[in-house]
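Just below is one structure, and these are the notes that go with it.
FYI, it's all coordinate maths here, none of it is from the lab. This structure is a prediction, so every number in the text was calculated from the model and none was measured. Every residue, glycine among them, receives a Cβ derived from its backbone with ideal geometry; neighbour counts consider all protein chains shown.
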Amino acid sequence: MTIRRIDLRGASSTGVPVDYRAAVPRAEFDVEAAAHVVQPILDEVRTRGVEAILELGARFDKVELTDIRVPASALARALEELDPDVRAGLDESIRRLRETCAHELESDAVTDLAPGARVVHRKVPVNRVGLYVPGGLAPLVSSVLMNVIPAQVAGVRSLALASPPQADFGGLPHPTILAACALLGVEEVYAVGGAQAIAMFAYGVSTGSAGGTCERVDLVTGPGNIYVVTAKRLLKGQVGIDSEAGPTEIAILADETAEAAYVAADLISQAEHDPLAASVLVTDSETLADDVEAELDKQVAATKHVERIRTALSGSQSGIVLVDDLEQGLAVVNAYAAEHLEIQTRDAHDWAARVTNAGAIFIGPFAPVSLGDYAAGSNHVLPTGGCACHSSGLSVRAFTKSVHVIDYTREGLEGVKDHVVNLADAEDLPGHGNAVKVRFDPATGSGTA
């Protein structure tokens with residue numbers, strides 16, 4: 001198993017600033033290049049609706065359908081036939097995520113600025129959300145939970161979920177995904193994948209099911225492949241989006257105290273997602289680097305998805321980064337801004353407290369990223385591609401909007417009216433000032449409101 005090494009030792013001793021973000025490259029994920037493929041799909045769905053979606057499903061998913069809406073009976077049957085052990089895992093994951101989401105709910109913030117002068121910062125849930133769940137290389141049932149639960153806790157009243165049709169399951173999405181929908185009470189589910197699913201959510205379509213429709217949504221969330229991400233970018237503005245999530249990634253900051261077998265297993269766990277997945281170890285211990293490489297040789301050979309994992313680990317987006325010390329290592333991982341960051345060092349909590357850029361931080365030897373994927377109680381829909389330097393993972397907040405409510409009485413307005421008039425005059429907008437003055441003109445209105 002070959003994973004490249006990037007030696008940054010001594011890089012900071014020259015006195016010349018080092019661009020650590022550029023020093024650890026990522027997989028190529030060219031949204032712009034995919035736009036010429038995706039735009040015609042969006043146009044087809046916008047103009048031809050469900051007819052276009054059915055044709056696209058036949059072309060891309062190799063499934064011939066007559067209706068895109070998943071019947072209630074299929075949802076119920078999937079839950080009834082769900083493996084009891086899988087259901088127990090889903091039940092516990094749901095419980096934990098609901099609990100953390102409940103603590104994320106924000107109360108209205110009320111500010112009384114003066115007598116009769118109040119501003120309320122109100123959190124309002126989005127009315128309708130479209131949730132996308134991939135079904136390509138793996139049926140990501142966990143993504144159902146990660147999207148649905150924070151939306152439900154936020155108070156979203158209308159949820160629709162789409163996942164690609166599967167030829168192996170009669171044109172329906174994977175049964176485990178359907179079972180999770182039934183378990184969470186999501187009744188509006190569509191067998192639609194790829195860019196056409198995002199277009200369906202953005203534009204709305206007649207589903208062909210007893211004259212039913214998939215009404216347009218206000219927000220689309222959920223990860224997907226390059227075509228899903230490109231559709232999100234092209235439709236942003238027509239509909240809100242959570243993020244443009246690219247290939248998954250893990251960075252591990254580790255010293256000589258780390259267990260090489262754990263580190264190797266965690267690098268493999270992310271490489272298992274996708275040939276473009278990034279697995280990066282940052283360490284000041286050459287001995288650990290050697291031991292991790294030896295573990296990779298041993299563990300990769302024993303995995304199910306050997307070729308996918310080898311492709312990811314040997315790609316330019318993965319590697320072992322050698323640094324002088326953990327201070328330099330911290331600078332590297334903060335610049336890299338990983339989707340998932342593990343800290344496997346002595347005093348791991350202290351180092352984690354100094355991390356500023358990461359989608360999620362996993363502390364110590366017993367908090368692997370796979371815990372967060374399923375049952376930590378955290379959300380695994382996280383910023384990729386270095387976007388963790390400015391963006392956050394999916395949470396209850398993603399499904400709410402902030403609205404300022406301005407509640408002033410006559411007394412409150414009178415206390416600030418001269419300032420409003422003077423500032424309006426300074427901007428040469430006298431009508432703005434007059435909208436205040438008129439309320440205190442005895443010749444107009446009662447002036448008592």
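Worth pointing out:
- Cross-link reach list, aspartates and glutamates versus Lys437, counting only Cα pairs under 15 Å and skipping chain neighbours closer than eight places: Glu411, Glu414, Asp418, Asp425
- Placing unit charges on the Cβ atoms of the charged side chains and taking the dipole of the chain about its Cα centre, the candidate lying farthest along the positive direction among Leu75, Ala34, Val421 is Val421.
- Arg118-Ala58 pseudo-label distance in nm [points 7 Å out on the Cα-to-Cβ vector]: 6.1 nm
- Only Lys, Arg, Asp and Glu carry charge here, each on its Cβ (+1 for the first two, -1 for the last two); on that basis segment 330-419 has a dipole of about 100 debye about its Cα centre.
- Multiplying the residue separation of Asp425 and Phe440 by 0.36 nm and subtracting their alpha-carbon distance yields 3.6 nm.
- Computed from the C-beta positions of Ala35 and Lys417, the FRET efficiency with R₀ = 56 Å rounds to 0.65.
- Equivalent ellipsoid semi-axes - Cα gyration tensor, the chain, angstrom: 43, 34, 21
- Were the residues from Glu104 through Arg157 laid out at 0.36 nm apart, the gain over their Cα-Cα distance would be 17.3 nm.
- For Ile252, nonlocal amide neighbours, meaning residues 5 or more places apart or on other chains whose placed amide H falls under 5 Å from its own, are Val280, Leu281, Val282, Glu342.
- Sites Ala167 and Thr2 - FRET efficiency at Förster radius 25 Å, r taken between beta-carbons, to 0.05: 0.10
- Virtual spin-label span in nm between Arg346 and Glu259, 7 Å along Cα→Cβ: 1.9 nm
- Computing FRET efficiency as 1/(1 + (r/R0)^6) for Glu187 and Arg233, where r is the C-beta to C-beta distance and R0 is 25 Å, gives about 0.25.
- Residue exposure sequence - Phe440, Phe169, Phe201 - by fewest surrounding Cβ within 10 Å: Phe440, Phe169, Phe201
- Cα→Cβ-extended label distance, 7 Å offset, between Ser392 and Val18, nm: 3.2 nm
- Converting phi to 3J(HN,Hα) with the Karplus coefficients 6.51, -1.76 and 1.60 and the offset θ = phi - 60°, segment 373-390 yields 5, 10, 9, 6, x, 8, 9, 9, 8, 10, x, 10, x, x, 6, 5, 6, 9 Hz in sequence order, with x at every glycine or proline.
- Anisotropy class of segment 31-244 from Cα gyration tensor, a/c 1.5 cut: oblate
- Extension gain for Asp407 to Ser316 (0.36 nm times residue separation, less C-alpha to C-alpha distance): 27.1 nm.
- What you get for the chain, charging only the Cβ of Lys and Arg (+1) and of Asp and Glu (-1), is a dipole of about 1460 debye around the Cα centre.
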